[in-house]
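These notes are about the structure you will find just below.
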Amino acid sequence: MRVGKKKTPSTARLQQIANMAGEGESLESWLNKATNPSNRQEDWEYILGFCDQINKELEGPQISVRLLAHKIQSPQEWEAIQALTVLEACMKNCGRRFHNEVGKFRFLNELIKVVSPKVTKSQRICKRPTGLSRTWSKRLVCMSGKRKMP
């Protein structure tokens with residue numbers, strides 16, 4: 001089951017996205033479109049397309065986590081916020097292989113940089129990873145069967 005707030009896209013938009021998937025668009029291309037600073041709002045078609053592409057590619061989780069780490073540290077606040085939204089969607093839609101990559105020291109270290117007020121000036125960006133990690137810890141413990149969700 002996919003998770004995300006989706007608006008009903010136009011037929012032309014659906015065709016454009018289907019063509020991208022059929023042409024084997026790269027993860028980087030999907031992410032660039034999902035986090036484009038000129039987006040007026042979160043683009044759920046591209047966000048979920050990015051998630052699908054991660055699941056299709058053998059090295060999808062490894063590559064996507066590197067790409068996301070870079071986008072999350074963007075000096076453009078809106079691009080970084082969109083990247084955090086993409087990360088959240090991936091945690092909900094991409095499964096254990098993706099979770100394992102996010103849980104590695106390399107990625108967590110990059111996420112810690114975003115939380116640091118010395119690195120990030122935006123309070124919106126600083127607070128978001130903390131909330132996400134709290135949500136993930138509850139959800140992942142429940143998924144592992146060690147504890148029931150409250």
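Just so you know, all these numbers are worked out from the coordinates, no wet-lab data involved. If you're wondering where the values come from, they're calculated on a predicted model, not measured in any experiment. Reconstructed Cβ throughout: ideal geometry from the backbone, glycine too, with neighbour counts over all protein chains shown.
Taking every C-alpha pair closer than 8 Å and separated by at least 6 residues, the mean separation divided by the residue count of segment 11-106 gives a relative contact order of 27 percent. As a rough footprinting exposure proxy, the listed residues F98, F105, F50 were ranked by other beta carbons within 10 Å of their own, and the order from fewest upward is F105, F98, F50.
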